[in-house]
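K.L.:
Submitted below is the structure of interest, expressed as structure tokens.
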Amino acid sequence: MNRTVFPTYFYTMSLYQKFTELGKKFIGYSTLFKYGFNLSPMYRRSTGRVQTVTKDLSRITIKIPLSWRNRNYVGTIFGGSMFASVDPIPMVQLINLLGDDYVVWDKSAQIKFKRPANEHLYAEFTYTQNELNDIRERVANENEVEIVKSTSLTNKDGSKEFCVIDKTLYIADKLYYKQKQLARKQEKSKI
């Protein structure tokens, strides 16, 4: 492949980022997000499925069907399937909402089981414009911040909560982050 076809940064991207860059040119971004997740081997193994994605990516819904693929020893949805179905969404969603000037990483997670999941589960992931503005403002002032996003797994009508997953996300100004990484490398090379 001729390197002049793609910018240099294209060669340092993950396979998923490359598909996203190419796919955005041919189909809508929300469609790409939905089918990209649902066809990804990494996400398919979670047994969760992305159901809806708004055009601006501010709201995403998933379903975790109770099936033979995710039933545990006692016949309810395996906790690992619940966590894996939720795990990548808040970070990837925020990366795409904030844009290329920011670095976003998962920092930690906590799962709280409320009751056995003996039916299909549903979750909704949202970022409001106020949240995004607040994150951008905090990063502009502090260079790096952490936020906690909570996701509830519920039944279809939301009347029963089965578990809550709290994800701590790290967000930094990309230039600041690169300088911080470079300083760490230089410090390690002195040892």
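K.L.:
Test Ile165 against the criterion of being over 19 Å from Ile111 (Cβ atoms), outside any helix (DSSP H, G or I) and open to solvent by less than 20 Å² (accessible area, probe 1.4 Å), and give yes or no. It would help to see each step written out before you state the result.
P.N.:
Values: over 19 Å from Ile111 (Cβ atoms): no; outside any helix (DSSP H, G or I): yes; open to solvent by less than 20 Å² (accessible area, probe 1.4 Å): yes.
No: the conditions fail for Ile165.
K.L.:
So which of Thr76, Thr54 is surrounded by fewer than 16 Cβ atoms within 10 Å (Cβ to Cβ), at pLDDT 95 or above and not aliphatic (A, V, I, L, M)? Don't jump to the end; show me each part of the working.
P.N.:
Values: Thr76 fails: surrounded by fewer than 16 Cβ atoms within 10 Å (Cβ to Cβ).
From the options Thr76, Thr54, the qualifying one is Thr54.
K.L.:
Restricting attention to region 79-101, report how many residues are within 22 Å of Tyr177 (Cα to Cα), open to solvent by 30 Å² or more (accessible area, probe 1.4 Å) and touching a strand residue (DSSP E or B) at 6+ places or on another chain (Cβ under 6 Å).
P.N.:
Residues that pass the stated criteria total 2.
K.L.:
Filter region 125-162 down to the residues that are assigned to a loop (DSSP other than H, G, I, E, B) and charged (D, E, K, R), then identify the one that is nearest to Gly48 (Cα to Cα). Give the derivation first.
P.N.:
Pass one, region 125-162, residues assigned to a loop (DSSP other than H, G, I, E, B): 127-128, 143, 155-160.
Those left that are additionally charged (D, E, K, R): 156-157, 160.
Numbers: Lys156: 14, Asp157: 18, Lys160: 18 Å.
The extreme case among them is Lys156.
K.L.:
Okay, moving on. Can you tell me how many residues within region 103-131 are more than 15 Å from the chain's Cα centre (by Cα) and among the aliphatic types (A, V, I, L, M)?
P.N.:
3
K.L.:
Could you count how many residues in region 49-77 are touching a helix residue (DSSP H, G or I) at 6+ places or on another chain (Cβ under 7 Å), without any contact (Cβ under 8 Å) to a residue 40 or more places away in the chain and closer than 29 Å to Glu131 by Cβ?
P.N.:
5
K.L.:
Pick out the one residue from Gln181, Gln129 that is surrounded by fewer than 15 Cβ atoms within 10 Å (Cβ to Cβ) and modelled with pLDDT of 95 or more. Break it down into steps so the answer makes sense when it comes.
P.N.:
Details: Gln181 fails: modelled with pLDDT of 95 or more.
Result of the check over Gln181, Gln129: Gln129.
K.L.:
List the pairs whose first member sits in region 23-44 and is more than 17 Å from Pro88 (Cα to Cα), whose second member is modelled with pLDDT under 90, and whose Cβ atoms are under 8 Å apart, counting only residues at least 6 apart or on separate chains?
P.N.:
Short answer, once both residue conditions are applied: Gly23/Leu32; Gly23/Gly36; Lys24/Leu32.
K.L.:
Follow-up. Have a look at Glu124, Glu146, Glu187 and point out the one that is open to solvent by 80 Å² or more (accessible area, probe 1.4 Å) and closer than 18 Å to Phe113 by Cα. First the steps, then the outcome.
P.N.:
Values: Glu146 fails: closer than 18 Å to Phe113 by Cα; Glu187 fails: closer than 18 Å to Phe113 by Cα.
Every option except Glu124 fails the conditions.
K.L.:
Being hydrophobic (A, V, I, L, M, F, W, C) and touching a helix residue (DSSP H, G or I) at 6+ places or on another chain (Cβ under 7 Å) is the filter here; which residues of region 167-191 pass it?
P.N.:
In the first step, residues of region 167-191 are kept if they are hydrophobic (A, V, I, L, M, F, W, C); the result is 169, 171-172, 175, 182-183, 191.
If the condition is that a residue be hydrophobic (A, V, I, L, M, F, W, C) and touching a helix residue (DSSP H, G or I) at 6+ places or on another chain (Cβ under 7 Å), then Leu169, Ile171, Ala172 are the ones that fit.
K.L.:
Which condition number in (1) within 21 Å of the chain's Cα centre (by Cα); (2) modelled with pLDDT under 95 is the one that Leu153 fails?
P.N.:
Unmet for Leu153, out of (1) within 21 Å of the chain's Cα centre (by Cα); (2) modelled with pLDDT under 95: (2).
K.L.:
Can you work out which of the residues in region 102-121 that are touching a Cys at 6+ places or on another chain (Cβ under 7 Å) and assigned to a strand (DSSP E or B) is surrounded by the most Cβ atoms within 10 Å (Cβ to Cβ)?
P.N.:
Checking each candidate, the answer is Ile111.
The values are calculated or read from the model by the stated rules, or taken from the named source; none is laboratory data. Since the structure is predicted, the reported quantities are computational estimates derived from the model, not experimental observations. Note that we place each Cβ from the backbone using ideal geometry, even for glycine, and neighbour counts take in every protein chain shown. When the accessible area is computed, the model is the full protein with side chains, heavy atoms only, and any ligands, DNA or RNA have been set aside. Shrake-Rupley method; radii C 1.70, N 1.55, O 1.52, S 1.80 Å.
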